[in-house]
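See structure below.
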There are 2 protein chains.
Amino acid sequence: MKSIIKYPSKKDWTKLLERPAFNYDELMTSVENILIEVKNNGDEALKKFSKEFDGVSIENFQISEKEIDDAKSKINIELKNAINLAKENIERFHSLQRDPVISCEPVTGVRVWQKSTPIEKVGLYIPGGSAPLISTVLMLGIPAVIASCEDIVLCTPPDSEGNINPAILYSANLLGISKIFKIGGAQAIAAMAYGTESVPAVYKIFGPGNQYVTAAKLKVSLENIAIDMPAGPSELAVMADEYANPSFIASDLLSQAEHGEDSQVILVSESVKLIEKVQLEIVKQLADLPRRQIAEKAMENSSFILMKSEDEIMEFLNQYAPEHLIIATENNKKIAEKVQNAGSVFLGDFSPESAGDYASGTNHTLPTNGNTRAFSGVNLSSFMKKISFQEINPVGIKNIGNAIELLAEAENLQAHKNAITLRLDYIKNEGL
Amino acid sequence: MKSIIKYPSKKDWTKLLERPAFNYDELMTSVENILIEVKNNGDEALKKFSKEFDGVSIENFQISEKEIDDAKSKINIELKNAINLAKENIERFHSLQRDPVISCEPVTGVRVWQKSTPIEKVGLYIPGGSAPLISTVLMLGIPAVIASCEDIVLCTPPDSEGNINPAILYSANLLGISKIFKIGGAQAIAAMAYGTESVPAVYKIFGPGNQYVTAAKLKVSLENIAIDMPAGPSELAVMADEYANPSFIASDLLSQAEHGEDSQVILVSESVKLIEKVQLEIVKQLADLPRRQIAEKAMENSSFILMKSEDEIMEFLNQYAPEHLIIATENNKKIAEKVQNAGSVFLGDFSPESAGDYASGTNHTLPTNGNTRAFSGVNLSSFMKKISFQEINPVGIKNIGNAIELLAEAENLQAHKNAITLRLDYIKNEGL
């Protein structure tokens, strides 16, 4: 177990706040080649890459109705109920996130308003591999459906027999998503960015993925395709005091750690006793984990930090800007008010991160790598964009026209001024 | 004048919907060198680039109080009043855009909520050059102040004598922005992204700029610095019918055209007469414009399109997804409801684009190049990010715990399941 870092000076914070740097430059050349080939050769390129990377020959990328029916019959009723419960909670919370129309008349005759409209075409990437992310289907699909996005395209990699995990198909179908494609990796991002004979092009691409997927998303983001956020290794920071339950905290740190060897895990406390108890619990709980090796490796990069006050801890955590933040202290509600930078915050002993990962209603697609300083996690607004409107009448243009003329003149933009002058003259001549 | 494109078939739309492609790859090497040098050498690099690109030796990049006082004395009372009027309208509309706290209890014992918090450190880039963009100071500065961003850093290029346009200084000071630096171009973006001895690093960078500035913003966006949006040449599409005033429309098209030679200007109508009248008016109004050469060049890339129905026009415009859209038709309110993709929409004869550019209250920093399909213009939310919270009590975890266990198991994430099982066992043992 890592030793406790006791009362680090601010000078030492820099190192503690660091994330593992990942250099995408090295991947970029191979990712760019994949992107270009899919752009130029469409489905042919997808077939080639499926064979090369997934080891499988695929003729029809789109999932058929029969495959959906098969998937439905393979899911037991307990899992169906669990998916349904999660779906309902996520729907409830995300339905409330609809932006209202904002409207005002800042001066008489000038009416301005702002309205959100759905992004018409969105693409959802759902990783496959060791953990079939059913929950990610819900977390991306539900807000896309609530937002009324017209085209929802879902890509997920096939296994070596060309199949998709039935729970992923079941969940996508439950949400009404019908454009499901068995395509993975950078080639899936390329397909959704440029479109192919089978896959419709979209305007925004969502979803986690490995470094190739991330590199591909970054690359297409330079070509006017929007992406949800830059993704990195998952993170959990826990702030706890002596009233917290060490066994619960250990279980939360480990659920973060099992995500991947590069998972970032931090515990900060004023109580050395609490930290020591948590460490003992981690050793105990690690023993039985199927993904023990991954979790152990992640724990090697973890930090256990002793600090001298609540304020210092919050200053540190706001600078760290974690993806997930558990506040397991007696006064957690008060401390929650001080959170400036975090993706999702969990309060008290009975709010484990896995609740937010699956079923409490909040979204689990969150910024990492300090990006919560400037980015939101996925929410309903991520699937919409805001348009401003204005309607000005003659009285309005009389009220603001002169100011516009002066400002346009100060910026040397005479035609901008003319557009007002012509209207003011007309209003005068017509006696409006 | 360009000839009218009459009733183009859908096949021909592709070409009409195109934007001029700009390849940033060619700029990237020189921009990357600037970024790296500022990252490594801080102020020294800034000094070097100021001499090289702005032709001026600068010792202190930060604007002094004396410079602010001088600027104030140089602005006449009329312009001050105009700036104040614009400021008040922009403030009124943007103040209403505050996201409320969203909260619900999707099942008993599970409380989830979402709260917006300000991005602590933001950087505003204000271009200099031929048009000193006072209005951009207001459009970026006002929402930053309303959002309560702690650090607002403003960079703008100096003239060849090392001075900043006094109206820019006056406006920034009026908003309470004190960290103003005379730095332009890609080096300004680098300074705000990485920080130097004089310039604080920020988390998100806003503002228009030339191709070097845009390339620098795109580059730092790959390094976990957020940016407002990818910027491109400015655009205006006008939909008009025979009830519209041709002289007004000509003036609006020309105010777009004078922005730059690469400005995109489109007029679409069912009435060939209207289009012809507008073209005559354009010729007439062009004659007197100081920026005539720029506007003429832009008009060479313009399109005048005749279409057969309102529905067809709206389908075309939604696909084009313009930055600015003027709807100068009798039934403009009805048509406005059909707008899916646009940055800012102007209704009727007395809502010129220049009203939104300066003083009606809406923001003028808008996505271009078709990006309104997936991006919003700058608004209050651009300076904030959303954090989700949850507080679950024993009853809540009893309600959703089993579903989480099943989902975690289906995803092969045992530690995620354990975090729930431990809590359910505890609740059972303690009789909670």
### Task
Hey, can you tell me all the residues within the stretch A:47-57 that are in contact with a Ser or Thr (Cβ under 7 Å, 6 or more places away or on another chain) and open to solvent by 90 Å² or more (accessible area, probe 1.4 Å)?
A:K51
### Message
Of all residues being more than 7 Å from chain B (Cβ to nearest Cβ) and open to solvent by less than 10 Å² (accessible area, probe 1.4 Å) in the stretch A:399-432, which is nearest to B:Q293 (Cα to Cα)? Just the residue, please.
### Response
A:G401
### Search result, residues across the stretch A:1-35 that are at pLDDT below 95, surrounded by 14 or more Cβ atoms within 10 Å (Cβ to Cβ), part of a loop (DSSP other than H, G, I, E, B) and of a type in the set (A, V, I, L, M)
A:M1
### Task
Kindly establish whether A:F389 is of a type in the set (F, W, Y) and either touching a Leu at 6+ places or on another chain (Cβ under 6 Å) or open to solvent by 10 Å² or more (accessible area, probe 1.4 Å) (or both).
no
### Residue count, the stretch A:90-127 (criterion: farther than 18 Å from B:E337 by Cα, facing chain B (nearest Cβ under 7 Å) and free of Cβ contacts under 8 Å to residues at least 60 places away in the same chain)
2
### Query
Can you spot a residue in the stretch B:369-385 that is buried (at least 20 other Cβ atoms within 10 Å of the Cβ), more than 7 Å from chain A (Cβ to nearest Cβ), assigned to a helix (DSSP H, G or I) and of a type in the set (F, W, Y)?
yes
## Note on the structure
Residues of the stretch A:249-284 being farther than 18 Å from A:P208 by Cα, in contact (Cβ under 8 Å) with a residue 40 or more places away in the chain, in contact with a Leu (Cβ under 6 Å, 6 or more places away or on another chain) and buried (at least 24 other Cβ atoms within 10 Å of the Cβ), in sequence order, are A:S251
### Positions within the stretch B:282-331 being of a type outside the set (A, V, I, L, M, F, W, C), closer than 30 Å to A:I225 by Cα and in contact with a strand residue (DSSP E or B) (Cβ under 8 Å, 6 or more places away or on another chain), in sequence order
B:N301, B:S302, B:S303, B:Y320, B:P322, B:E323, B:H324
### Message
Consider the stretch B:182-226. How many of its residues are open to solvent by less than 10 Å² (accessible area, probe 1.4 Å) and over 17 Å from B:L35 (Cβ atoms)?
### Response
1
### Query
Residues of the stretch A:386-398 being within 7 Å of chain B (Cβ to nearest Cβ) and aliphatic (A, V, I, L, M), which ones?
A:I387, A:I392, A:I397
### Query
Applying the selection to the stretch B:253-281, what residues are in contact with a strand residue (DSSP E or B) (Cβ under 6 Å, 6 or more places away or on another chain) and within 11 Å of chain A (Cβ to nearest Cβ)?
B:L253, B:Q256, B:A257
### Message
Going through B:E337, B:E330 one at a time, which residue ends up being more than 7 Å from chain A (Cβ to nearest Cβ) and either without any contact (Cβ under 8 Å) to a residue 24 or more places away in the chain or crowded, with 24+ Cβ neighbours inside 10 Å (or both)?
### Response
B:E337
### Message
What's the number of the only condition in (1) within 12 Å of another protein chain (Cβ to nearest Cβ); (2) farther than 22 Å from B:G356 by Cα; (3) open to solvent by less than 10 Å² (accessible area, probe 1.4 Å); (4) of a type in the set (G, A, S) that B:A287 fails to meet?
### Response
(3)
### Message
Yes or no: the stretch B:126-149 includes at least one residue that is open to solvent by 30 Å² or more (accessible area, probe 1.4 Å), part of a strand (DSSP E or B) and in the same structural domain as B:A71 (by TED's automatic domain parsing).
### Response
no
## Note on the structure
Contact list, first residue from the stretch A:146-172 and over 22 Å from B:E411 (Cβ atoms), second anywhere and of a type in the set (V, I, T) and open to solvent by less than 10 Å² (accessible area, probe 1.4 Å), beta-carbon distance below 8 Å, six or more apart or interchain, is A:A147/A:I119; A:C149/A:I119; A:C149/A:V122; A:D151/A:V122; A:D151/A:V202; A:V153/A:V122; A:V153/A:V199; A:V153/A:V202
### Query
How about the stretch B:48-89: which of its residues are in contact with an Asp or Glu (Cβ under 8 Å, 6 or more places away or on another chain) and free of Cβ contacts under 8 Å to residues at least 12 places away in the same chain?
B:K48
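State which residue is farthest from the chain's Cα centre (by Cα) when the search covers only the stretch B:268-288 and only residues that are closer than 18 Å to A:R423 by Cβ and among the aliphatic types (A, V, I, L, M).
Step one: list which residues in the stretch B:268-288 are closer than 18 Å to A:R423 by Cβ, which gives B:274, B:277-278, B:281-282, B:284-285, B:288.
Still in the list and also among the aliphatic types (A, V, I, L, M): B:274, B:278, B:282.
Numbers: B:L274: 32, B:V278: 29, B:I282: 28 Å.
Among those residues, the one meeting the criterion is B:L274.
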### Query
Looking at the stretch A:290-305, which of its residues are more than 17 Å from B:T421 (Cα to Cα), free of Cβ contacts under 8 Å to residues at least 60 places away in the same chain and surrounded by fewer than 19 Cβ atoms within 10 Å (Cβ to Cβ)?
A:R292, A:Q293, A:E296, A:K297
### Query
Looking at B:V265, B:V272, B:V238, B:V220, which one is aliphatic (A, V, I, L, M) and over 30 Å from B:L140 (Cβ atoms)?
B:V272
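Kindly check whether there is at least one residue in the stretch B:69-86 that is within 19 Å of B:A147 (Cα to Cα), open to solvent by less than 70 Å² (accessible area, probe 1.4 Å) and either part of a helix (DSSP H, G or I) or away from chain A (no Cβ under 14 Å) (or both). Write out each step before concluding.
Here is the first cut: in the stretch B:69-86, the residues within 19 Å of B:A147 (Cα to Cα) are B:86.
Those left that are additionally open to solvent by less than 70 Å² (accessible area, probe 1.4 Å): B:86.
The next check asks that each one be either part of a helix (DSSP H, G or I) or away from chain A (no Cβ under 14 Å) (or both); those that pass are B:86.
The answer is yes; a qualifying residue exists.
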### Message
Would you confirm, using the coordinates I've provided, whether B:I4 is closer than 22 Å to B:E276 by Cα, of a type in the set (A, V, I, L, M) and in contact with a helix residue (DSSP H, G or I) (Cβ under 6 Å, 6 or more places away or on another chain)?
### Response
yes
### Query
Given the conditions (1) modelled with pLDDT under 95; (2) closer than 18 Å to A:S382 by Cα, and given that A:I205 satisfies all but one, which numbered condition is not satisfied?
(1)
### Task
Determine which member of the set A:N412, A:N379, A:N369 is modelled with pLDDT under 95, under 13 Å from the mean Cα position of the chain (by Cα) and not hydroxyl-bearing (S, T, Y).
A:N369
### Query
over 30 Å from B:F389 (Cβ atoms) and either without any contact (Cβ under 8 Å) to a residue 60 or more places away in the chain or crowded, with 18+ Cβ neighbours inside 10 Å (or both): does that describe B:E44?
yes
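Which one of these is of a type in the set (A, V, I, L, M, F, W, C) and in a loop (DSSP other than H, G, I, E, B): B:A216, B:A237, B:A244, B:A250? Quick ask: steps written out before the conclusion?
Details: B:A216 fails: in a loop (DSSP other than H, G, I, E, B); B:A237 fails: in a loop (DSSP other than H, G, I, E, B); B:A250 fails: in a loop (DSSP other than H, G, I, E, B).
Residue meeting the stated conditions: B:A244.
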#### Entry: Residues that are buried (at least 24 other Cβ atoms within 10 Å of the Cβ) and either within 18 Å of the chain's Cα centre (by Cα) or among the acidic types (D, E) (or both), drawn from the stretch B:109-125
B:I119, B:V122, B:G123, B:L124, B:Y125
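When you check B:G361 against the structure, is it of a type in the set (G, A, S) and surrounded by fewer than 24 Cβ atoms within 10 Å (Cβ to Cβ), yes or no? Give the derivation first.
Working: of a type in the set (G, A, S): yes; surrounded by fewer than 24 Cβ atoms within 10 Å (Cβ to Cβ): no.
Criteria not met by B:G361.
The values are calculated or read from the model by the stated rules, or taken from the named source; none is laboratory data. Just so we're clear, the structure is a prediction, and the values are computed from it rather than from any experiment. When we count neighbours, we look across all protein chains shown, and the Cβ atoms used for this are built from the backbone with ideal geometry, even at glycine. To get the accessible areas, we keep the full protein, side chains included, count just its heavy atoms, and leave off ligands, DNA and RNA. Shrake-Rupley method; radii C 1.70, N 1.55, O 1.52, S 1.80 Å.
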